[in-house]
Amino acid sequence: MDKVQLLLSLAIALFSIGLLGVIVRRNLLVMLMCMELMLNGVNLSLVTFAHQMGEMVGAVLVFLIFVVATAEIAVAIPIVLLLVKRKHSLDLGAYMDLKG
Amino acid sequence: MIESALGRLDDVLLLIFAAGALVGALLMIVLREPMRVATALISTMVFLGGIYGLLGVHFIAAFQVLIYVGAVMVFMVYVIMMLDPRDPAIQQPFSKMLVPGVVGFVLLIFVLVGATWKQAPAPLPGVAEGFGLQQFAVAFLRQYWLQFELTSVLLVAAIVAAVAVVKLHRRG
């Protein structure tokens, strides 16, 4: 098995497992962490392609994804804290009334 | 002789790191308590950092460990410790979407692996050697300076949003 194929398969697996976690888990914090896992899978594919093609743009995109992930967590965690303060639960079922 | 042994060592290490990252990701789905899930995610991120180091992009490996493990996950661990561990979400970790989610997961894996398996790009001769921080920094500030500036706007927006969320709650 080729190195690139191995890394791309790992990236696909990480992204899909993250998506599966977001869908099947009930805990808000675990869902946030699964979203981080999806971003990590995308990062791995970008680094693999950048390494393969010798292009710098992949590394630049990875850096930008780092910034976006940090900003996402910085905004999402206060929101989760406020939600938990109001409903006293991390369970997703407690927030069904947020459904539009 | 020594060169080939070192090359094989690289491949073995890459396999070990990839297997570790995959096991960590699978544990994230299976484990019940958020703190254990966070630990599994941290181990996955560290293994990915090792893979980046093996690929020769050392600065991204350093960013991975510093930003993801050092900042994002420490923040996450703090929040997990702040919240109640005896939450109903722990008793029943999976939602009603378990079966459709797993079916979609299998289909997604099937489609993505089928699409990428045979069409992996061939390496360009002589350039796939990894690149250093210097080239990265020059490319960043010569070609991608607009994106670099836009990240600062994004960070300011995130700070303002975080402060606004907390203030809104205090007033309400």
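Where a number appears in this text, it was derived from the coordinates with a stated rule and is not lab data. The structure displayed is predicted, hence computed values, not measured ones. When we count neighbours, we look across all protein chains shown, and the Cβ atoms used for this are built from the backbone with ideal geometry, even at glycine.
Across chain A, Cα pairs under 8 Å and at least six residues apart give a relative contact order of 28 percent. Phi-derived couplings, Karplus 6.51 cos²θ - 1.76 cosθ + 1.60 at θ = phi - 60°, listed residue by residue for segment A:49-54: 5, 4, 5, 5, 8, x Hz, with x used for Gly and Pro. A protection proxy built from the mean count of other Cβ atoms within 10 Å ranks the segments B:5-15, B:66-76, A:12-22, most packed first, as A:12-22, B:66-76, B:5-15. If you wrap the tightest convex hull around every Cα atom of the protein assembly as shown and split its volume per residue, you get 146 Å³.
Using the Cβ atoms and a cut-off under 14 Å, what net charge is assigned to the surroundings of B:Ile2, where Lys and Arg are +1 and Asp and Glu are -1? Result for the local shell: -1. Partners of A:Lys3 within straight-line reach, counting lysines whose Cα lies under 25 Å from its Cα and excluding those fewer than 8 residues away in the same chain: B:Lys118.
Listed by Cβ neighbour count within 10 Å, with the fewest neighbours leading, A:Thr48, A:Thr70 appear as A:Thr70, A:Thr48.
Take each residue in B:6-15, count the other chain C-beta atoms within 10 Å of its C-beta, and the mean is 1.
Normalised by residue count, chain B yields a Cα convex hull volume of 202 Å³ per residue. Cross-link reach is defined here as a Cα-Cα straight distance under 19 Å, omitting same-chain residues fewer than 8 places apart; for B:Lys167 the lysines meeting it are A:Lys85, A:Lys87.
Listed by Cβ neighbour count within 10 Å, with the fewest neighbours leading, A:Tyr95, B:Tyr78, B:Tyr52, B:Tyr144 appear as B:Tyr78, A:Tyr95, B:Tyr144, B:Tyr52.
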